[in-house]
There are 2 protein chains.
Amino acid sequence: MTQVASDPTGLHRVLDEQVVLPQAAQRLDTRSDLWPDEVRIRVERLNLDAASFRQLERKHTADGTCDGGAVRAEVLEIVASRGKMQNPVTGSGGMLVGTVEEVGEASPLGLRVGDRVATLVSLSLTPLVIEDGLARWDGLSEQVPCDGYAVLFGRSIAAVIPDDLAPELSLAVMDVCGAPALTSRVVGRYDGATVAVIGAAGKSGSLSLAAARDAGAHTVVGVVPQQAEADLLTGAGLADQVVIADARDPVALRDAVTTAAGRAADVTVVCVDVPGCEGGAILATAEGGTVIFFSMATSFSAAALGAEGLAADVTMLVGNGYVPGHAAYALELLRGHEGLRSLFEGRAGR
Amino acid sequence: MTQVASDPTGLHRVLDEQVVLPQAAQRLDTRSDLWPDEVRIRVERLNLDAASFRQLERKHTADGTCDGGAVRAEVLEIVASRGKMQNPVTGSGGMLVGTVEEVGEASPLGLRVGDRVATLVSLSLTPLVIEDGLARWDGLSEQVPCDGYAVLFGRSIAAVIPDDLAPELSLAVMDVCGAPALTSRVVGRYDGATVAVIGAAGKSGSLSLAAARDAGAHTVVGVVPQQAEADLLTGAGLADQVVIADARDPVALRDAVTTAAGRAADVTVVCVDVPGCEGGAILATAEGGTVIFFSMATSFSAAALGAEGLAADVTMLVGNGYVPGHAAYALELLRGHEGLRSLFEGRAGR
């Protein structure tokens, strides 16, 4: 029955007239029969993207009360009509947890039937069928218990959820696992690097600190905006120096890093999700150094023009959320760094 | 008289209460006496940023006629009050051409008194004093004849205008000289790279093609949007293959590049100034390859999320307009590639 050849990006399941990638598509083909390079997952839970859920919640709130039934109905309607969970307003999706049900003979993902996995590509491009009407969900939380199935393409990413960690902990780590993997790769290119992580007490920041140390950094500096985070991070023992600075103030950030490290950073990792940190990150970085921008608040033009205006010979990377083996590496960091694990567990408990 | 120590970024000339970089400052100190690491330029011409000039022109146009005198008065007022030419609406500046008048004893820029130079950092951060009331300017063009002086900081960039090329030609090349320099550096890291340049018939695109060849690329593919540009580029002989594709269509772009080159690109250089080219550039790039984004229309989040959604292990660079020696290198490319020079001369003649 499958006549079209499959494409690793999932093009073969796009039903739109125009040829677009699955993420941009209006509607996906959700047939349960697999193309040879695909994998089918029995879904157990959807985690809606936070921005997406908030939009739905606002839309269906009247007099301060959210109509969970209406939220549920809209999610069901979106998935039924589009064949994927992509919020039409925010464009975002989320991720899912489930169990591998069938593996196509040509799948390159290395999964086996029965593996419990989390998908690390967005729901906004994942073919999805909901079979239980979301009967167990009250529509009031972004965590959606769900029975149904989803399809992964040749180029999708799914990570096996380990047995030795609480699932919530694994998911929290996997959500940001691109950051430590790329940090490790970049730090490893320098000999005894000085590394500064901006926004170091957060999820991606603390993982990046651990990754930098792990990749052979000589000095690791964590920058945070206020004392409470500084205390938290100092307690975790992930950084040689913890300093407080406003990352939007270029001179303050440069001075904080150079004073703490004794020099500018070879690698500066930006994990703080506020706009206006480009100039400071560039100034805090030594000539020949690298800035990795993981913050979605990064302005491309502010980074490009900022470096030019400062005649800064720095390499600036768009933080790619995908590096092969990123999920396993991030979980390994968590297991290996007691302080990192405590940070994550403390966050989950709040 | 100079009591504050100088800072290579020009902080010592910022007069604002809050500590900000010169580009963000409301007002700069324009004293003609130099700090030891500074250089003073006798200005001969300002080139206003195109977006800035258009804004001024629109503002002072009534009944289809632009009041050049009013444009001139506003530029004079901006420079007098701010100590720099930064359009308060667009935030942009421009560049200037002039002659080196004095070089501080600690200047690292390598300039000599009498050198005719173009500044490659924005006027929006350059201390400037206009001394002739712009009497020779009619206010109707972004090219502004001007007598006055400007100051360069330790980290500024200025390039000597060569004697053997028409000044307009040199300036056109210098305006985009970051692109070929960074392309050369990245291509040189691969062994016999396959390189695709998107928007290859433009200024930065054609220079990047020549740089890729120069840096040892095995195959160089130029992508353009339509036949006229394809003919122009084919005539210039800068690419092994010239293909027509809409860079906003990811699948079309991938297919165009892989068909022309026989494989995906190791290095993809995005020089086309339209939004929505991130996905195609990522798809056209091989695993382990690099995408260099030079277009100011690049969306940071589209690039980051696009690569993640495609599970693409590609390095994505924010095209930094500064690489040491970039202006000299770009001019060298122009001299060495007859076809490149013809493209630039043809453009100037239009």
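The values are calculated or read from the model by the stated rules, or taken from the named source; none is laboratory data. In this text the structure is predicted, and so the values were computed from the model without any measurement. Backbone-built Cβ (ideal geometry, glycine too); neighbour counts: all protein chains shown. Only protein heavy atoms, including side chains, enter the accessible area calculation; ligands, DNA and RNA are left aside. Shrake-Rupley method; radii C 1.70, N 1.55, O 1.52, S 1.80 Å.
Observations, loosely collected:
- Any chance A:Glu308 is open to solvent by less than 40 Å² (accessible area, probe 1.4 Å), in the same structural domain as A:Ser184 (by TED's automatic domain parsing), within 20 Å of B:Ser299 (Cα to Cα) and among the acidic types (Asp, Glu): no
- Some residue of region B:226-242 being within 14 Å of chain A (Cβ to nearest Cβ) and open to solvent by 20 Å² or more (accessible area, probe 1.4 Å): no
- Test: residue in region B:65-84 that is touching a strand residue (DSSP E or B) at 6+ places or on another chain (Cβ under 6 Å), part of a loop (DSSP other than H, G, I, E, B) and over 20 Å from B:Trp137 (Cα atoms): no
- Residues that are surrounded by fewer than 24 Cβ atoms within 10 Å (Cβ to Cβ) and closer than 17 Å to A:Ala265 by Cα were ranked within region A:187-208; the one that is nearest to the chain's Cα centre (by Cα) is A:Gly188.
- Members of region B:292-341 that are among the hydroxyl-bearing types (Ser, Thr, Tyr) and either closer than 14 Å to B:Ser208 by Cβ or at pLDDT below 95 (or both): B:Ser295, B:Thr298, B:Ser299, B:Ser301, B:Tyr322, B:Tyr329
- Being open to solvent by less than 20 Å² (accessible area, probe 1.4 Å) and either out of contact with any His (no Cβ under 7 Å at 6 or more places or on another chain) or assigned to a helix (DSSP H, G or I) (or both) is not true of A:Ala252.
- Among the conditions (1) in a loop (DSSP other than H, G, I, E, B); (2) surrounded by fewer than 18 Cβ atoms within 10 Å (Cβ to Cβ), B:Asp37 misses just one, which is (2).
- Boolean, A:Gly64 is in the same structural domain as A:Ala150 (by TED's automatic domain parsing) and open to solvent by less than 40 Å² (accessible area, probe 1.4 Å): no
- Elements of type strands (runs of 3 or more DSSP E) contained in region A:258-350, each with 2 or more residues being at the interface with another protein chain (Cβ under 9 Å from one of its Cβ atoms) and under 17 Å from A:Gly205 (Cβ atoms): A:285-293
- Top-ranked residue of region B:209-224 - restricted to ones that are in contact with a strand residue (DSSP E or B) (Cβ under 7 Å, 6 or more places away or on another chain) and outside any helix (DSSP H, G or I), ranked as most open to solvent (accessible area, probe 1.4 Å): B:His218
- Here B:Leu152, B:Leu134 are screened, and the one residue that is more than 30 Å from A:Glu287 (Cα to Cα), of a type in the set (A, V, I, L, M), open to solvent by less than 10 Å² (accessible area, probe 1.4 Å) and in contact (Cβ under 8 Å) with a residue 60 or more places away in the chain is B:Leu134.
- Residue pairs whose Cβ atoms lie under 7 Å apart, sitting 6 or more positions apart in sequence or on different chains, and linking a residue in region B:2-25 that is more than 10 Å from every other protein chain (Cβ to nearest Cβ) to a partner that is buried (at least 18 other Cβ atoms within 10 Å of the Cβ) and not in a loop (DSSP other than H, G, I, E, B), are B:Val4/B:His12; B:Ala5/B:His12; B:Ser6/B:His12; B:Arg13/B:Pro22; B:Arg13/B:Leu28; B:Leu15/B:Leu28; B:Ala25/B:Val14.
- Sole residue being over 20 Å from B:Leu171 (Cα atoms), more than 14 Å from chain A (Cβ to nearest Cβ) and not aromatic (Phe, Trp, Tyr), chosen from B:Glu77, B:Glu142: B:Glu77
- Taking every residue in region A:235-259 that is farther than 13 Å from A:Ile198 by Cα and pairing it with any residue that is modelled with pLDDT under 95 and among the charged types (D, E, K, R), at least 6 positions away or on another chain, yields no pair with a Cβ-Cβ distance below 6 Å.
- Residue check: A:Val4 meets all listed conditions (1) loosely packed, with under 14 Cβ neighbours inside 10 Å; (2) aliphatic (A, V, I, L, M); (3) in the same structural domain as A:Ile157 (by TED's automatic domain parsing) but one, namely (3).
- Filter result for A:Arg136 (of a type in the set (D, E, K, R) and either within 14 Å of chain B (Cβ to nearest Cβ) or closer than 23 Å to A:Val323 by Cβ (or both)): no
- Number of the exception - A:Cys177 against (1) under 30 Å from A:Arg40 (Cα atoms); (2) open to solvent by 10 Å² or more (accessible area, probe 1.4 Å); (3) within 14 Å of another protein chain (Cβ to nearest Cβ): (2)
- All of B:Val113, B:Val103, B:Val121, B:Val75 fail the test of being open to solvent by less than 40 Å² (accessible area, probe 1.4 Å) and under 30 Å from B:Asp163 (Cβ atoms), apart from B:Val121.
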